[in-house]
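In what follows, a single structure is set out as structure tokens and then discussed.
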Amino acid sequence: MTRRPERPPDVLLTCRFMRRAVCPGSYDPVTNGHLDIIERAAGLFDEVVVAVLVNKKKQSLFGVEERLEMLREVTSQWPNVVVDSWHGLLVDYCREQGISSIVKGLRAVSDCEYELQMAQMNQRLSGVETLFMFTKPENSFLASSLVKEVATYGGDVSNLLPAKIERRLLDRLSEQN
Ligand code: PNS
């Protein structure tokens, strides 16, 4: 009598066919623009990993652990979003995690040149594909660096990032003065 092969448990099937993507960034700190992209990516993929990576061109205001904590707080409403960090090349993280898609947000055409270069480099290094999503128009001017600069000089940033993050940003800036 031939025995039918045992069916793998559903959990294994789910893992095998799960569509996972990474949303990498500095997130120093996370803004409404980031959250727009993360939420929309979470609607397209089974799991989205929001990964804090180091951008050598930028000096950070918050440590990696602080950025992770803030991201966890503001993404907790999406069950398929997880938060992680990595020191090193993004493609090495993707390889280690078995992730084949990177999702990035584009605010304007001016973002394209740098993002295109990174996407092509990452593709060449590893075959990992980068998918671009345009931010909602109301976020097209939004950048963590600009938010920090405006807040430093007392400008109102309350509509640009979640209230909890704004509080932490203002606290950090006042600690520095
Ligand atoms: O939010 P940012 O600063 O625009 O994000 C840029 C980031 C962190 C995603 C990018 O600098 C990055 O991927 N850094 C990790 C190191 C790496 O892989 N560098 C080669 C890029 S082709």
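The values are calculated or read from the model by the stated rules, or taken from the named source; none is laboratory data. Nothing here was measured: the structure is a model prediction, and the numbers come from that model. With ideal geometry, Cβ positions are generated from the backbone for all residues, glycine too; neighbour counts draw on all protein chains shown.
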**Message:** So, Val30, is that one within 14 Å of the ligand (Cβ to nearest atom), in a loop (DSSP other than H, G, I, E, B) and closer than 24 Å to Ala163 by Cβ or not?
**Reply:** yes
**Request:** Just give me the residues in region 66-96 being touching a residue at least 12 places away in the same chain (Cβ under 8 Å), closer than 17 Å to Ser144 by Cβ and out of contact with any strand residue (DSSP E or B) (no Cβ under 8 Å at 6 or more places or on another chain), in sequence order.
**Result:** Glu66, Met70, Glu73, Val74
**Request:** Restrict the check to region 145-154 and report whether at least one residue is in a loop (DSSP other than H, G, I, E, B), farther than 18 Å from Leu53 by Cα and more than 10 Å from the ligand (Cβ to nearest atom).
**Result:** yes
**Message:** For the structure I just gave you, tell me whether Val52 is within 13 Å of the ligand (Cβ to nearest atom), assigned to a strand (DSSP E or B), under 13 Å from Ser26 (Cβ atoms) and touching a Ser or Thr at 6+ places or on another chain (Cβ under 9 Å).
**Reply:** yes
**Asked** Pick from region 62-81 the residues that are among the aliphatic types (A, V, I, L, M) and out of contact with any Ser or Thr (no Cβ under 8 Å at 6 or more places or on another chain): which of them is nearest to the ligand (Cβ to nearest atom)?
**Response** Leu71
**Request:** Hey, can you tell me all the residues within region 98-125 that are farther than 16 Å from Gly25 by Cβ and either under 15 Å from the mean Cα position of the chain (by Cα) or more than 10 Å from the ligand (Cβ to nearest atom) (or both)?
**Result:** Gly98, Ser100, Ala108, Val109, Ser110, Cys112, Glu113, Leu116
**Item:** Candidates Val83, Val109 - the one that is on the phi < 0 side of the Ramachandran plot and crowded, with 18+ Cβ neighbours inside 10 Å
**Value:** Val83
**Message:** Return the residues of region 126-144 that are within 16 Å of the ligand (Cβ to nearest atom) and assigned to a helix (DSSP H, G or I); say none if nothing qualifies.
**Reply:** Ser126, Asn139, Ser144
**Request:** Search region 32-45 for residues that are within 18 Å of Leu68 (Cα to Cα) and pair each with any residue that is part of a helix (DSSP H, G or I) when their beta-carbon atoms are under 7 Å apart and the residues are at least 6 apart or on different chains.
**Result:** Asn32/Asn139; Gly33/Asn139; Leu35/Val74; Asp36/Asn139; Ile38/Thr75
**Complete:** Just one listed residue, out of Asp84, Asp92, is modelled with pLDDT of 95 or more, within 11 Å of the ligand (Cβ to nearest atom) and of a type in the set (D, E, K, R), and it is Asp92
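Here is a yes/no grid of residues against (1) loosely packed, with under 14 Cβ neighbours inside 10 Å; (2) not polar (S, T, N, Q):
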site	(1), (2)
Ser144	no, no
Ala151	no, yes
Gly154	yes, yes
Asn159	yes, no
Lys164	yes, yes
Asn177	yes, no
